1. Taking the residues in the range 144-161 that are closer than 16 Å to residue 112 by Cα and not β-branched (Val, Ile, Thr) as candidates, determine which candidate is surrounded by the most Cβ atoms within 10 Å (Cβ to Cβ).
2. Restricting to the range 121-161, name every residue that is at pLDDT below 90 and under 32 Å from the mean Cα position of the chain (by Cα).
3. Give the range 53-92 a look and list any residue that's acidic (Asp, Glu) and within 24 Å of residue 22 (Cβ to Cβ), or say none.
4. Determine if the range 46-58 includes at least one residue that is out of contact with any Ser or Thr (no Cβ under 9 Å at 6 or more places or on another chain), of a type in the set (D, E, K, R) and surrounded by fewer than 15 Cβ atoms within 10 Å (Cβ to Cβ).
Amino acid sequence: MNKTFNLLFYVKKAKINSVGESPIYLRITIDGKISEVSTKRTVKPSKWNSAMQKVSGSSEECRSLNFYLKTFEQKVYDSYHELIRDKETVSSEALKNKVVGRGELTRTLIPVFQDHNDRMEKLIGKEFAQGTLTRYKTCLKHTKDFLKWKYSVADVEIKKIDYAFLNDFEFF
C-alpha cells in the first residue's frame, strides 16, 4: 500500500500569458514522486489563494473556476481509486496518465491471435507441423465469425473475455 498521496493546486507564475494570466497546475505526489498535470485553466496571479488552493473572489467567474478545480480534483481521486481497485501499480506518473487519458493500452483479441499465428508460422518444421498452423488459422476465422454473429463487432477487448464468452464460443 502507498505511504503518501497528496494533491496540490498551484499557479505557474513564470508562464504568464499575454493577458496577464498564469496556468493552474495540479501536483500529484505519491510516495515522494511528483507529477504535474495542467488543468487547462488560467488565472491572474493576484487572485490566486495559495493557502486555500483556489481563486479568491465571489464573482461568477471565480465560483465557476473553483468548481472546475474541485471537479478536476475529484476526477483524480476517482482515477486513484480505480488504479487501486484494478490492482494496478499506483504511481504519480500512472495516475497522471490515467487522468489525461494517455497510455491506456487496450489489447484486443484478433491482433493478439494473429500475432500468435504469425509466430507459429515461423516455427513450422522446427516445433510445429503445418496442420497445427492450419487449425489455428481456422480457429481465428471461427473467432471472427463468432464475434460478428454474437456481438456484431469485428474485435473485442481481452479484458472483456470471460467464462460466458468462452462458453458461447464453444457452443458456436
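1. Filtering the range 144-161 for residues that are closer than 16 Å to residue 112 by Cα and not β-branched (Val, Ile, Thr), the one surrounded by the most Cβ atoms within 10 Å (Cβ to Cβ) comes out as 147.
2. Within the range 121-161, 150, 151, 152, 153, 154, 155, 156, 157, 158, 159, 160, 161 meet the criteria.
3. Residues satisfying the conditions are 60, 61, 73.
4. no
Table: residues versus (1) assigned to a strand (DSSP E or B); (2) more than 30 Å from residue 160 (Cα to Cα); (3) outside the structural domain of residue 135 (by TED's automatic domain parsing); (4) under 20 Å from the mean Cα position of the chain (by Cα).
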{"residue": "52", "(1), (2), (3), (4)": "no, yes, yes, no"}
{"residue": "71", "(1), (2), (3), (4)": "no, no, yes, yes"}
{"residue": "74", "(1), (2), (3), (4)": "no, no, yes, yes"}
{"residue": "89", "(1), (2), (3), (4)": "no, no, yes, yes"}
{"residue": "113", "(1), (2), (3), (4)": "no, no, no, no"}
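Table: residues versus (1) free of Cβ contacts under 8 Å to residues at least 24 places away in the same chain; (2) in a strand (DSSP E or B).
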residue	(1), (2)
8	no, yes
14	yes, no
18	yes, no
25	yes, yes
29	no, yes
39	no, yes
42	no, yes
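The values are calculated or read from the model by the stated rules, or taken from the named source; none is laboratory data. Small disclaimer: the values here were computed from a predicted structure and weren't measured. Cβ coordinates were reconstructed from backbone atoms using ideal geometry, including for glycine residues, and neighbour counts include every protein chain displayed.
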